[in-house]
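Here the structure is laid out as structure tokens; the discussion comes afterwards.
The values are calculated or read from the model by the stated rules, or taken from the named source; none is laboratory data. Bear in mind that the values here come from a model prediction, so they are computed numbers and not experimental data. Ideal geometry is used to build each Cβ from the backbone, glycine not excepted, and the neighbour counts take in all protein chains shown. Calculation scope for accessible area: heavy atoms of the full protein, side chains included, ligands and nucleic acids excluded. Shrake-Rupley method; radii C 1.70, N 1.55, O 1.52, S 1.80 Å.
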Amino acid sequence: RLKPSKIRYHQQQSTFYYSFIMSTTRKRNVMDVIDSLDENKKNILVRVDFNVPMDGDGKITDDSRIRGAMPTIEAILKAKDNAILVSHMGRPKLVQKGGDDDETKEQRKKLSLEPVAKYLGGLLGQEVIFGADCVGPKAEEAVASLPAEGGGVCLLENLRFHKQEEKNDPEFAKGLAALADGYVNDAFGTSHRAHASVAGVPALLDDSLCGVGLLVDREITYLDFSGKKPNEKIGAIIGGSKVSTKLPVIKGLISQVDVLVLGGGLAFTFAKAQGIPIGDSLCEDSMVDTARDLIAEAKEKGKAMVLPIDAVCAPGFPSKPMTLEETKTFDMVPGAGIEDGWMGLDAGPKTVALFADALAPCSKIVFNGPMGVFEIAPFDQATKGLVDVLEDLTNKGTITVVGGGDSVAAMEQFGKTKAVSYISTGGGATLELLAGDELPGVTAITDVAVTE
């Protein structure tokens with residue numbers, strides 16, 4: 001187990017981190033759980049997100065989620081405790097029905113976590129025991145084989161092989177909780193689900209023995225907008241194609257941020273709401289009135305909603321890269337707009353400059369969703385330009401957070417994954433947190449004060 005001085009070091013680091021992010025409280029974390037365990041209690045159940053992609057041969061093609069959990073696992077091992085890892089993999093609907101046919105057996109094999117256990121063992125440089133079930137005798141046998149002196153790891157079989165996991169079945173949660181002395185949630189991507197391993201288990205254990213992992217700790221802190229000082233400005237950039245998809249996020253952010261930048265395909269619905277012609281651009285006609293209401297709400301609350309003022313267009317959706325000369329740029333302001341026969345596919349250079357000016361005073365910015373069809377040149381220029389703006393602001397001390405699949409894909413495409421303060425690993429969880437919603441897997445963990 002870590003010496004008390006070592007524990008204090010980790011908590012001092014956490015205090016500095018939270019002070020930097022401007023928060024006065026934090027969630028109990030893995031270090032708190034380690035510190036709270038009795039000396040002879042060593043088993044910590046860790047909910048991880050090992051739902052990783054594999055090829056036809058069962059080889060992992062992207063291990064980022066596994067590596068994301070490594071700091072928490074390593075902290076437990078350094079403390080001479082045992083890590084009992086549980087995760088889901090895919091949607092094993094056939095397995096849940098309990099069939100014994102060939103198709104069900106194939107799905108069980110395809111969605112088993114056994115290959116992940118072997119892969120994780122290679123990363124850790126030690127054996128990872130695999131439990132052929134996540135509850136019951138097989139799980140208990142795997143846990144019992146962990147070293148009494150601590151420092152061991154086991155990974156139990158796919159949680160969702162049992163339909164009771166997603167139903168937060170009390171008996172299933174008790175079966176999981178009975179395996180361990182403490183609990184840690186390090187699966188941010190599933191923290192918006194009130195499942196047994198996410199919300200059920202911590203409800204059965206003492207608060208002092210439950211915490212978030214280091215990955216979840218970073219996520220909820222970087223995506224937290226509370227605690228800002230009166231003279232500070234918080235900014236958000238929301239892109240993507242549809243207003244309906246991002247509506248809860250936009251509504252939530254209007255109440256939380258000072259500067260709200262909107263781009264991508266959804267911006268054309270807002271343009272139409274202002275009476276600006278949008279040609280053949282993507283538009284959700286059913287959301288035009290909603291967009292108009294959101295513009296009015298932002299104005300009423302004194303928030304800056306910043307929309308594109310020019311758009312790079314093509315005669316139709318491109319099937320391959322185009323030259324800039326084949327496109328046409330239109331101003332997107334009252335009295336102008338996009339001509340019929342042209343489709344807006346990216347924000348223009350005037351918009352990028354406008355967004356840069358609007359975001360400059362912000363001390364913290366979150367970016368979710370691209371500004372255009374960044375996968376096809378030259379409609380990647382606004383997203384790339386905005387990423388460059390974020391990189392410059394980050395270098396000047398602004399906290400910048402990227403959240404959401406397409407945003408991360410754009411950062412990777414431009415080779416800019418190191419250009420911002422933090423890249424969120426969540427999908428639905430990130431969007432719900434940005435919308436101001438509570439995440440069951442986070443609210444299940446108690447708060448503690450950040451001390452100087």
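Observations, loosely collected:
- Between 0 and 90°, nearest 10: helix 288-300 axis offset from the chain longest Cα axis: 90 degrees
- Inverse of mean 1/r across different Cα pairs in the stretch 178-266, Kirkwood, Å: 15.8 Å
- Highest mean first, the peptides 104-113, 356-365 sorted by other C-beta atoms within 10 Å per residue fall in the order 356-365, 104-113.
- E232 paired with D207, simple spin-label distance in nm, labels 7 Å along Cα-to-beta-carbon: 2.5 nm
- Size of the chain: Rg and Dmax of its alpha carbons, in Å, are 24.1, 75.
- Accessible surface, 1.4 Å probe, highest first, among residues R91, R218: R91, R218
- D293-D62 FRET efficiency (beta carbon distance; Förster radius 41 Å; 0.05 resolution): 0.55
- Volume of the convex hull of the stretch 56-185 (Cα atoms only), normalised per residue: 113 Å³.
- Figure note: D81, D437 ranked by solvent-accessible area, largest first, 1.4 Å probe, ligands and nucleic acids not counted: D437, D81.
- Packing, taken as the mean count of other beta carbons within 10 Å per residue, orders the peptides 140-146, 296-302 from highest to lowest as 140-146, 296-302.
- Relative contact order %, the chain, counting alpha carbon pairs below 8 Å whose residues are six or more apart: 17 percent
- For V259, net neighbour charge (Lys/Arg +1, Asp/Glu -1) across residues whose Cβ lies under 11 Å away: +1
- For the cross-link pairs K299/K418; K272/K328; K167/K416, the ones whose C-alpha atoms lie over 29 Å apart are K299/K418; K167/K416.
- Computed per residue of the chain from DSSP H runs no shorter than four, each worth -39500 (n - 2.57), the mean residue ellipticity at 222 nm is -11000 deg cm²/dmol.
- When every Cα-Cα distance of the stretch 296-398 is counted in 10 angstrom steps from zero, the calculated P(r) takes the values 14, 41, 32, 12, 1 percent.
- For the chain, share of DSSP beta bridges that run antiparallel, in % to the nearest 5: 25 percent
- Placing +1 on each Lys and Arg Cβ and -1 on each Asp and Glu Cβ, with no other charges, gives the chain a dipole about its Cα centre of roughly 860 debye.
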